[in-house]
Amino acid sequence: MIGTTQKPVRLTFGIALFIFLSSLFSVPGFALELNSIPQEQLNQILLDAEKNFKLVETMKTLLTQEKNISLFSETIVSKGFCIFKRPGKLRLEFTDPFKSALMFNDNRVYKYENFNGDWKKLDPGNKEILGIIMNHITAWLGGRFNEDNLYEISGFSNPGVTILLTPKSNEFKKFILSFELGLNKGLNGLDYIIINETKNNFTKIRFHNDILNEKLPDNLFDGSLDAPHPVEPW
């Protein structure tokens, strides 16, 4: 995956959202190029990270998603933002090239799509799968990397720290081979998530311009409204 240069391409909302959701369920392509961290050292890193992540009550961060599919010669790029609030609130919103929003609020999932400037509330479809996806991201942002003991966990460095999560379930591996979580320098947030669906298909989500512990009203995650509550740009 690393070392190949591909031209970014933009997709319509329907295709890109499908790709994003299907990808969030990924043999470790990126981590194989890094240096393995000894288990004792990794255990300490995880303890330190969990302690630091717990100090983050809220987070706003911009995101760039890069989707690589073996059938396509170009990387599919979309941009947006993520907001998080403890203990169980998450909002993922794409702003370019389409506008859509997913919200996870106290174990319930809500979905919106923007058509020609108007927001429409949609049936989220497979709520169980979406719930698992959103719950995973919420847990990781809270520093809980293997809360339900679902993964074999290992670590790599070069020079930052990457946590590799490999599903223990063979059924799960039919959809995702592994997740890679890049910890930031302060060990209090994520720089990126990589989802390896197959050996040649992967998605990388980069986070940047983090704003921590800013007061965030609960209505930003309110899925009972006809449209998602607007978020001030940063």
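The values are calculated or read from the model by the stated rules, or taken from the named source; none is laboratory data. Because the structure is predicted, anything quoted here is derived from the model rather than measured. A quick note on method: Cβ atoms are made from the backbone with ideal geometry, for glycine too, and the neighbour counts reach across all protein chains shown.
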Considering Pro124, Pro167, Pro159, which residue is under 21 Å from Gln41 (Cα atoms) and at pLDDT below 95? Pro159
Contact list, first residue from segment 121-150 and closer than 22 Å to Val56 by Cα, second anywhere and at pLDDT below 90 and surrounded by 15 or more Cβ atoms within 10 Å (Cβ to Cβ), beta-carbon distance below 6 Å, six or more apart or interchain, is Ile133/Leu24
Of all residues being of a type in the set (A, V, I, L, M, F, W, C) and surrounded by 17 or more Cβ atoms within 10 Å (Cβ to Cβ) in segment 120-138, which is farthest from Asn52 (Cα to Cα)? Just the residue, please. Leu130
Exactly one condition in (1) within 18 Å of the chain's Cα centre (by Cα); (2) of a type outside the set (Lys, Arg); (3) buried (at least 17 other Cβ atoms within 10 Å of the Cβ); (4) at pLDDT 95 or above is not met by Glu113; state its number. (1)
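Residues are listed down the side, and each one gets a yes or a no for (1) closer than 28 Å to Glu50 by Cα; (2) in a loop (DSSP other than H, G, I, E, B); (3) not aromatic (Phe, Trp, Tyr):
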site	(1), (2), (3)
Ile194	yes, no, yes
Thr198	no, yes, yes
Asp210	yes, no, yes
Glu214	yes, yes, yes
Asn219	yes, no, yes
His229	no, yes, yes
For segment 17-61, give me each residue that is closer than 30 Å to Ser100 by Cα, touching a strand residue (DSSP E or B) at 6+ places or on another chain (Cβ under 7 Å), modelled with pLDDT of 50 or more and outside any loop (DSSP other than H, G, I, E, B). Phe20, Thr58, Met59, Lys60, Thr61
The condition of being hydrophobic (A, V, I, L, M, F, W, C) and either modelled with pLDDT of 95 or more or in a strand (DSSP E or B) (or both) holds, among Phe81, Phe98, only for Phe81
Within segment 139-174, restricting attention to residues that are of a type in the set (A, V, I, L, M, F, W, C) and under 16 Å from the mean Cα position of the chain (by Cα), which residue is surrounded by the fewest Cβ atoms within 10 Å (Cβ to Cβ)? Ala139
Are any of the residues in segment 183-191 touching a strand residue (DSSP E or B) at 6+ places or on another chain (Cβ under 6 Å) and either closer than 27 Å to Ala227 by Cβ or in a helix (DSSP H, G or I) (or both)? no
Among the numbered criteria (1) modelled with pLDDT of 95 or more; (2) loosely packed, with under 14 Cβ neighbours inside 10 Å; (3) in contact with a Leu (Cβ under 9 Å, 6 or more places away or on another chain), which single criterion is violated by Gly182? (2)
